[in-house]
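Take a look at the structure below.
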Amino acid sequence: MTKVEAGGSLVYEYHLPQDHMGGTFWYHSHHHGSTALQVGGGLMGPMIVEDEVGDIPDAVLNMPEQVLFLHYVSTELSAIAAEAGDELVTMNYESDGADFLLVNGELSPTLNLVTGQWVRLRMIFAAVDGALEITAGGNLACEFGLLAKDGIYVSDAPRTITAVHLAPGNRADVAMRCNTAGAGTLTSSTARRRRHLMQPGGGRQGPGGNVMDATVVNLNVLSDVVNNEVVDSADPALPALNAKTPDYLADLVSYTGAVEQFEVNFAGGAGGKRRRLAHAHATRRQGGGGGCSVNGVPFPEDHSAIGQINVGTVQEWNVRGNGGHPFHLHVNSYQLQGVTDASGYYQTGDWHDVMLTPDDVTVQRYRFSTDQFTGHAVIHCHFLEHEDEGCMAIVDIVGTEGSTTGLTGTGIAKQDCSA
């Protein structure tokens, strides 16, 4: 694991594969035992991979866009820091002792729009805990068209939705237009999608009510004025995206070939409002991960893997416990199979790399291709306090580097680039 000591620096260089899909991503520190403190303290940022001409329609490619980097600041961080002996994190904020949400570093900033014109909102929920359910407030006649989730376009984009659902680590690209001038808000409010805190045995403790109540941004929608006259300059309806996809995202919904099956079970995690992260620090030094586990094993000091999977195969995973633990997988995104969701936000065939399953949503299986890359793949709960407490594991991808399934996408082609 790469470590950067306090006061030090390191230049990271990434070479993107030629067929990498454009999308919305982010980066953050990942030092086990301190991840919640470091991410909650702001050691993170957005990362955008731009689309190439021809991969998506010009109407979306050239759409004005706004990154909304949503930093949920939990007042629990000061208590965690005190218990862990951390002197860097302080909570001397004028927030009346309540959690709050920063957007691009600001509290409730204002987004200026023009009536009838589409804007692409790249939403990134950078959070230690909590969840957001974002809707448009006011009488602005705003429309949402879901374009992508977790950096991958949905197959029926633009998908008509009324709310955006984000667990920690989730991203959502949404085309929005408001058709009436005036003032309004994008707001997160407590509603049907609630997480559950998990008891040590993995049972549900009851509704956590952890959907955050907050004003995300204020909206200021202006009429289009030319020569002192209001004009109707509404953009046309968005076309179907039919986004090109790379081979590593070949559709697996109707796939009937061989699969490798794997079980993932999240269990435990601190109950109640206070998280005992200091315990995670202590037990990590002693070779244990704390009170949270994957497949019954807290993350071990020696970083040993809980299993192996083969490169160049189709994986079908059964994941349990992610009603209380957002399931995050490094290296490979996964495709939801057998989804039931009356709202339509989650659908069979959607790709994610974080999934917190709401009470009224079911996902039967998670499929993905282990395309080209071998080595460690990290699984963890994206409630980062839980990850620090032991809800993390490693699966080793083994075999010949560069092996593929032979399945094909829909023809994405990119030039090699580096960042």
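Starting from the range 385-404, keep only residues that are assigned to a helix (DSSP H, G or I), then list their pairs with residues that are open to solvent by less than 40 Å² (accessible area, probe 1.4 Å) and polar (S, T, N, Q) whose Cβ atoms are within a distance under 8 Å, requiring at least 6 positions of separation or different chains.
387/35; 388/34; 388/35
Is it the case, given these coordinates, that residue 65 is open to solvent by 60 Å² or more (accessible area, probe 1.4 Å) and of a type in the set (D, E, K, R)?
So residue 65 passes the test.
Going residue by residue through the range 244-257, is there one that turns out to be of a type in the set (A, V, I, L, M), at pLDDT 95 or above, part of a loop (DSSP other than H, G, I, E, B) and open to solvent by 50 Å² or more (accessible area, probe 1.4 Å)?
The initial filter retains those residues of the range 244-257 that are of a type in the set (A, V, I, L, M), namely 249-250, 252-253.
Pick out the ones that are also at pLDDT 95 or above and you get 249-250, 252-253.
So of that shortlist, the ones also part of a loop (DSSP other than H, G, I, E, B) come out as 250, 252-253.
Applying the additional criterion that residues be open to solvent by 50 Å² or more (accessible area, probe 1.4 Å) yields 253.
Yes, the range 244-257 has at least one match.
Which ones in the range 306-317 are open to solvent by less than 30 Å² (accessible area, probe 1.4 Å) and not in a loop (DSSP other than H, G, I, E, B)?
Of everything in the range 306-317, those that are open to solvent by less than 30 Å² (accessible area, probe 1.4 Å) and not in a loop (DSSP other than H, G, I, E, B) turn out to be 307, 309, 314, 315, 316, 317.
Within the range 341-356, identify whether any single residue is within 19 Å of residue 268 (Cα to Cα) and assigned to a loop (DSSP other than H, G, I, E, B), and answer yes or no.
Yes, some residue in the range 341-356 is within 19 Å of residue 268 (Cα to Cα) and assigned to a loop (DSSP other than H, G, I, E, B).
Could we say that residue 371 is on the phi < 0 side of the Ramachandran plot, in a strand (DSSP E or B) and either touching a residue at least 12 places away in the same chain (Cβ under 8 Å) or hydrophobic (A, V, I, L, M, F, W, C) (or both) here?
No; evaluated as a whole, the condition is false for this residue.
List pairs: first in the range 98-110 and more than 14 Å from residue 66 (Cβ to Cβ), second assigned to a strand (DSSP E or B) and open to solvent by 60 Å² or more (accessible area, probe 1.4 Å), Cβ under 8 Å, 6+ apart or cross-chain?
As it stands, the answer is 100/107; 101/107, since those pairs meet every condition given.
Of the numbered conditions (1) within 19 Å of residue 126 (Cα to Cα); (2) modelled with pLDDT of 95 or more; (3) touching a helix residue (DSSP H, G or I) at 6+ places or on another chain (Cβ under 7 Å), residue 352 satisfies every one except a single condition; which is it?
Of everything listed in (1) within 19 Å of residue 126 (Cα to Cα); (2) modelled with pLDDT of 95 or more; (3) touching a helix residue (DSSP H, G or I) at 6+ places or on another chain (Cβ under 7 Å), residue 352 misses just condition (3).
Could you tell me which residue of the range 1-45 is modelled with the lowest pLDDT, considering only residues that are open to solvent by less than 60 Å² (accessible area, probe 1.4 Å) and assigned to a strand (DSSP E or B)?
16
If residue 331 satisfies all but one of (1) closer than 20 Å to residue 26 by Cβ; (2) in a loop (DSSP other than H, G, I, E, B); (3) touching a Ser or Thr at 6+ places or on another chain (Cβ under 9 Å); (4) open to solvent by less than 10 Å² (accessible area, probe 1.4 Å), what's the number of the condition it fails?
Residue 331 satisfies every listed condition except (4).
Hey, can you tell me all the residues within the range 142-160 that are of a type in the set (A, V, I, L, M, F, W, C), part of a strand (DSSP E or B) and farther than 23 Å from residue 181 by Cβ? Break it down stepwise before answering.
Of the range 142-160, the ones of a type in the set (A, V, I, L, M, F, W, C) are 142, 144, 146-148, 152, 154, 157.
With part of a strand (DSSP E or B) added as a condition, the list becomes 142, 144, 146-148, 152.
Scanning the range 142-160 gives 146, 147, 148, 152.
Would you point out which residue out of 279, 303 is part of a helix (DSSP H, G or I) and either surrounded by fewer than 21 Cβ atoms within 10 Å (Cβ to Cβ) or modelled with pLDDT of 65 or more (or both)?
Result: 279 is the single residue among 279, 303 that is part of a helix (DSSP H, G or I) and either surrounded by fewer than 21 Cβ atoms within 10 Å (Cβ to Cβ) or modelled with pLDDT of 65 or more (or both).
Every residue, every condition in (1) under 27 Å from residue 41 (Cα atoms); (2) surrounded by fewer than 24 Cβ atoms within 10 Å (Cβ to Cβ); (3) touching a strand residue (DSSP E or B) at 6+ places or on another chain (Cβ under 7 Å), yes or no:
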position	(1), (2), (3)
346	no, yes, yes
361	no, yes, yes
364	no, yes, yes
373	no, yes, yes
380	yes, no, yes
388	yes, no, no
391	yes, no, yes
396	no, yes, yes
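Take residue 123 and tell me if it is more than 19 Å from the chain's Cα centre (by Cα) and at pLDDT 95 or above.
Against the criterion (more than 19 Å from the chain's Cα centre (by Cα) and at pLDDT 95 or above), residue 123 does not qualify.
What residue, among those in the range 199-236 that are more than 30 Å from residue 266 (Cβ to Cβ) and open to solvent by 80 Å² or more (accessible area, probe 1.4 Å), is modelled with the lowest pLDDT?
The extreme case among them is 227.
The values are calculated or read from the model by the stated rules, or taken from the named source; none is laboratory data. Remember, it's a predicted structure, so these values are computed and weren't measured experimentally. Cβ atoms come from the backbone with ideal geometry, glycine included; neighbour counts cover every protein chain shown. Remember, those area values only see protein heavy atoms, side chains included, never the ligands or the DNA or RNA. Shrake-Rupley method; radii C 1.70, N 1.55, O 1.52, S 1.80 Å.
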